[in-house]
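Report on the structure given below.
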Amino acid sequence: MDVQVAVLDYGSQYSQLIVRRVRELGYYAKLFAPESLQDLPKMSGIILSGGPRSVTDEDAPDVDFEYLKSLGVPVLGVCYGMQLLNQKFGGNLKPGTTSEYGPATLKVEDDSTLFADVKPDSQIWMSHSDTVAKLPEGAKVLARNEEGQPVSLEFCENWYGIQFHPEVTHSHDGRSVLRNYLNRLDAPPEFDVEAFKQQLLKEIVEEVGDREVVCGVSGGVDSTVLAVLLHKAGVKIHPIFVDTGLLRKDEAKEVQDQFAEVGVEIDTVYAGEQFLKALEGEEDPETKRKIIGNLFLDVFFEHAGNIQLFAQGTLYPDVIESATSGSIASRIKTHHNRVDRIMELKEEGRVLEPLAELFKDEVRALGRSMDIPERALNRHPFPGPGLAVRCPGAVTHEKIAILQEADDIFISTLRKHDWYDKIWQACTTILPSRSVGVKGDVRAYEYPITLRAVISEDAMTADWVEIPFPVLREISNRILNGVKGVNRVLYDISTKPPASIEWE
Ligand code: XMP
């Protein structure tokens, strides 16, 4: 499937979101560095993203305007992109003395098709400081904000600029604006998961040949979709599941059942005792992570033996390097710090990353199209180091057992009350210091448990969830009565930032 829309990335925090929205509207879009414009294959549309700079800066990121014009395709400049086009067409801008961030009102003043289906006074989301001062010759103002400043221009036929961010949901009709732009493209929408899957299956077969593919599975969405995709492609696979002993209650069995349901046999390696031993007495969070990451790789690679081909579920956001650095090189983001072994395999051309073009929600859709059960696709994220990061201080058998029981109660009660799917991630943490309590007329000196449930889009920021008190009460009662060693249950009402999602 050929890329249809290039989004030139000028470094906006929302660049990826433009790509997602365009794909949601059925066009296959990808991010590219502005300098790579001349090297791109034929595109049906080009979008210039926003960015943190001002086009008046001396070394402001640029665009090869003559080349862009020679392509003869509809162009849309968003925020910085609009200012850049304005300048290229001969207009100029005034650097804003104050910045405009947040909501504004869209006043459409032209019956341009770019604003078809946009409601009057629709809310738009701004994040910029420059404003248009002089319009280029022949340019038309399509819309203004309530102060009368232009927020959308048509420079000439099929060349548009919008000052606001159509890609964020706070721009209420942003999706319509993007769709209207895409309607100008001389190409039908071609991107859908089924077509993408067929292409992936074909590419996997071609790339793998008769080699065996080793992959790690954790039961999480990405590795599950990856393993099932490889299985569907009909290539030889060896999916390895390392049970670190730091998993949730019955998780190993659930993961095995989950794969059995979709016909994939996984190879489970139990290494719980090894992990606990390696962690013994260690209290520093980063050292704990290192120990777990290294041991995980040791166990995995030792068990895998000689690897012909290694597959991993790297996603598109993981391979996008910041465009402001100039290159959009492939990069693997991982919490494991000894990635050298994977990098070595990569250099030898022995790493397969079939999901590297996809966003998380697209991976879920791919999973759905392969009949992976919803329960598996909607699982909350779970950190690689497992319950060890939910056990501040030294990890012990006893604490892991307490955590497993408390977490099981928390999660199952959320499911029972239909809260699980409304929550992005729910976690239980056992605190290191004990507190005094009374159990059956006897003084009890036991551990406190904290519950945390957050909503988030990408784990970068998170807000705590207002779980109804009766549900919290039920969870608390069940933990206090059912989990030995716990005499206090706390609910964590901290946003991220400043708190992180996990306690360590
Ligand atoms: P924090 O705690 O940084 O978590 O707000 C953000 C997201 O990342 C997960 N997380 C990890 N995942 N290895 C992982 O694979 C780790 O070391 C790790 N630390 C945090 C966390 O569960 C949340 O989803």
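May I ask for the distance between the Cα centers of the stretch 399-464 and the stretch 176-208, given as a whole number of Å?
42 Å
Considering only DSSP beta bridges where both residues belong to the stretch 396-491, give the percentage that are antiparallel (nearest 5).
Bridges in the stretch 396-491 are about 70 percent antiparallel.
Given a cut-off of 20 Å, name the pairs among LYS232/LYS253; LYS360/LYS422; LYS232/LYS346; LYS232/LYS422; LYS197/LYS360; LYS42/LYS202 whose C-alpha atoms lie farther apart than that in the structure shown.
Correct reply: LYS232/LYS253; LYS232/LYS346; LYS232/LYS422; LYS42/LYS202.
On each of the three principal axes of the Cα atoms of the stretch 5-182, give max minus min coordinate, whole Å, ordered largest first.
41, 37, 30
In degrees from 0 to 90, rounded to the nearest 10, what is the angle of the helix 469-482 Cα long axis to the longest principal axis of the chain?
Roughly 30 degrees, rounded to the nearest 10.
In nanometres, what is the gap between the two model label sites at TYR445 and ARG368, each 7 Å from Cα along Cα-to-Cβ?
Taking the simple label geometry, TYR445 and ARG368 are separated by 5.4 nm.
Return the loop-located GluC sites (Glu not before Pro) in the stretch 24-111 (DSSP other than H, G, I, E, B) with at most 16 other Cβ atoms within 10 Å of their own Cβ; answer none if there are none.
Passing sites in the stretch 24-111 are GLU58, GLU109.
Please give the calculated 222 nm ellipticity per residue for the chain, where each DSSP H segment of at least 4 residues contributes -39500 (n - 2.57) and the sum is spread over every residue; nearest 500 deg cm²/dmol?
Calculated at 222 nm, the ellipticity per residue is -10000 deg cm²/dmol.
Would you work out the relative contact order for the chain, in percent, from Cα pairs under 8 angstrom that are 6 or more residues apart?
Over the chain, the number comes to 11 percent.
Give the carbon-plus-sulfur fraction of the accessible surface of the chain in %, rounded to a whole number; probe 1.4 Å, heavy atoms of protein chains only.
Taking all protein chains in place, the chain shows 49 percent carbon and sulfur surface.
Counting only heavy atoms of the protein chains, get the accessible area per residue of the chain (1.4 Å probe) and round it to a whole Å² value.
On the way: 22990 Å² over 504 residues.
In whole numbers, the chain has 46 Å² accessible per residue.
Can you say what percent of the DSSP beta bridges in the chain, counting only those with both residues inside, are antiparallel? Round to 5.
The antiparallel fraction comes to roughly 50 percent.
Please go through the stretch 1-100 and write out the trypsin sites (Lys or Arg not before Pro) that DSSP classes as loop and that have at most 12 other C-beta atoms within 10 Å.
Within the stretch 1-100, the qualifying trypsin sites (Lys or Arg not before Pro) (loop, at most 12 other Cβ atoms within 10 Å) are LYS42.
Can you tell me the order of 291-301, 455-465, 220-230 when each peptide is scored by its average per-residue count of other Cβ atoms within 10 angstrom, highest first? Mind dumping the intermediate values first?
Details: 291-301: 18.9, 455-465: 14.2, 220-230: 23.9.
Sorting 291-301, 455-465, 220-230 by mean packing, highest first, produces 220-230, 291-301, 455-465.
Report, to the nearest 10°, how far helix 221-233 tilts away from the longest principal axis of the Cα atoms in the chain, using its own Cα long axis and a range of 0 to 90°.
The helix 221-233 is inclined about 80 degrees to the chain.
The values are calculated or read from the model by the stated rules, or taken from the named source; none is laboratory data. Quantities reported herein were computed from a predicted structural model and do not represent experimental measurements. Quick reminder, even Gly has a Cβ in these numbers, built from the backbone with ideal geometry, and neighbours come from all protein chains shown. Please note that ligands, DNA and RNA were not included when accessible areas were found on the heavy atoms of the full protein model with its side chains. Shrake-Rupley method; radii C 1.70, N 1.55, O 1.52, S 1.80 Å.
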